Structure formats: C-alpha cells, structure tokens
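The values are calculated or read from the model by the stated rules, or taken from the named source; none is laboratory data. Keep in mind that what you see is a predicted model, and the values were worked out from it rather than measured. Here Cβ is always computed from backbone atoms with ideal geometry, including for glycine, and neighbour counts include all displayed protein chains. Note: areas computed on protein heavy atoms with side chains; ligands, DNA, RNA excluded. Shrake-Rupley method; radii C 1.70, N 1.55, O 1.52, S 1.80 Å.
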Amino acid sequence: MLAMEANWVVSIDDLIDAVWGTSPPASARTQIRICISSMRRCFAAAGASDHLIETHPQGYRLCLDDTQLDAAVFDSEVRRARRLTEAGLHEHAVSALRQALGLWTGPALAGLTSSGPVESGARRLEEDRLRALEERVRLELELGRHQDVIGELMQLAAEHPYREQLHGQLMLALYRSHRTAEALAVYRRIRATLVEELGIEPSPELGSLEQSILVGMEKDHAVRKVA
C-alpha cells in the first residue's frame, strides 16, 4: 500500500482498510505500528536510509526516487516509448517497451491477499502492463513482424478472452501471414464469447476488421481464379 502511494502520506486508517477491510481487530493500529517498525529494521539491514519510511501525524510515507520502484521505472519507460513513437522511431520505441515489460516477473502483487485498495491497485498495474503490451505489438505489426508475434498473441488472447484489441491484433497478424481461415476463426471465437457470456456484440472496429479480411480473401480468390 505504501509502495502504490510512494511519496504520499498514507493514513493509518487506509492501511488498516488495506490489511483487514471492514473487520479490523481491536489491535489494528498497534499491529500497523509493529509492521512499520519491522519494515524499518528490514530496510536498515539492507543498507537503506533511516528515513525511507517517514512518520506523519496522520500516517506514514514511503520516500523513494524514480529509480527505486519498478512501477515508476516501468511508467518512465512507457512514456519514453510514446515519445519515440511520436517521433517516428518505432524500432527504438519497441526496445523501450520491451525494457519496461521486462520488469514484470508475474501478476502484479501476486501472493498478497487484501481488501479493495490493494486489489484495485493490482488491477490498475495489470491494465498498464496490457496496454504497454498492446502498444508494443502494434508497433511490431507496423514493422512487418506479423509472424513473430503470432505465438505470443495466441497465448495473450487465451488469457484475456474479452480483450478485443489483442484478438484484433491476432487476426491481423494471421491474415498478413496468409492464414486467413485462422484469422476469421479468431473473430468467431471472440464473438461467441462476448455474445454468450456478456450478451454483447464485438465492437464496430473489430467487426470492420473481419469484413476487411473477408473482402481481402474474396479479392485474393478472384485473382487466383483469373490467373
């Protein structure tokens, strides 16, 4: 909780809510103070500053610079990648995004059981990761690396069955790799999932991509027939 709000004071009440939710023990405040003392000893044993965790009247603040927290380094690299993209330096942008995504070793805050605040923070971090992944794949596709990303996109689409952008990117990569039937099958699968489980149709953008693939397939067939 302190790391998610690095350099901001987190109130003791918010820490209690993160750890115990709506049913904290009577000793919650004492236990929070004991945890903070334990963390300070751990940080001191690792050679960290005595002032890494500051005490304030309303709570505590974890004081970090931008290089000490992976999430901050990740954000910085993603911003750098976007600047490079705007400058037309797509190859360098891909490298920056790969560096950012390389900081991840698994799901955000994996292994922690907590109430709303931490779960919400984990979902935000995961969304940031997926958006960076989608940006990197989009750039890879623009660089013509369709076949290189198919395997990764297949896994991501399976892990995120409702995420239309990943499925659209997979459709595009397959189509450009002359695997039209598989590209259309991806559309049918996500449409069936969305309709049956959520009661909604795919977005107009995804539907338009399917139609473009169908039109392209018809044109290819006509060319082969004439030839």
Exercise. Peptides 57-63, 25-31: what's the order by average Cβ count within 10 Å, highest mean first?
Worked result: 57-63, 25-31
Problem set entry | Accessible carbon and sulfur surface of the chain relative to its total accessible area, %, 1.4 Å | 53
Exercise. According to a simple spin-label model (label point 7 Å from Cα along Cα-to-Cβ), what is the distance in nm between F43 and S203?
Worked result: 4.0
Exercise. How far is helix 204-226 tilted off the main Cα axis of the chain, in degrees rounded to 10, range 0 to 90?
Worked result: 30
For this session: Can you tell me the 0 to 90 degree angle between the C-alpha axis of helix 180-193 and the longest principal axis of the chain, rounded to 10?
Result: 50
Problem set entry | Theoretical gain in end-to-end length, I12 to R145 [0.36 nm per residue, Cα-Cα removed] | 42.9 nm
Problem set entry | Dipole magnitude of the range 22-116 about its Cα centre (Cβ charges: Lys, Arg +1; Asp, Glu -1), debye to nearest 20 | 300
Exercise. Quick one: accessible area per residue over the chain, 1.4 Å probe, rounded to a whole number of Å²?
Worked result: 60
Exercise. Once both axes come from the Cα atoms, what is the angle between helix 70-86 and the longest principal axis of the chain, in degrees from 0 to 90, rounded to 10?
Worked result: 40
For this session: With label points built 7 Å along Cα→Cβ from the Cα atoms of R82 and R188, find their separation and express it in nm.
Result: 3.9
Problem set entry | Among Q99, Q68, Q165: highest mean-square fluctuation, GNM of the chain, C-alpha pairs under 10 Å | Q68
For this session: Rank Q147, L69, A157 by how far each Cα sits towards the positive end of the charge dipole of the range 61-165 (+1 on Lys, Arg Cβ; -1 on Asp, Glu Cβ) and give me just the farthest.
Result: L69
Exercise. Hey, if you put +1 on the Cβ of every Lys and Arg and -1 on every Asp and Glu Cβ in the chain, which of A110, A173, N7 ends up farthest toward the positive end of that dipole?
Worked result: A173
Problem set entry | Förster radius 25 Å - calculated FRET efficiency between L89 and Q155 (Cβ-Cβ, nearest 0.05) | 0.35
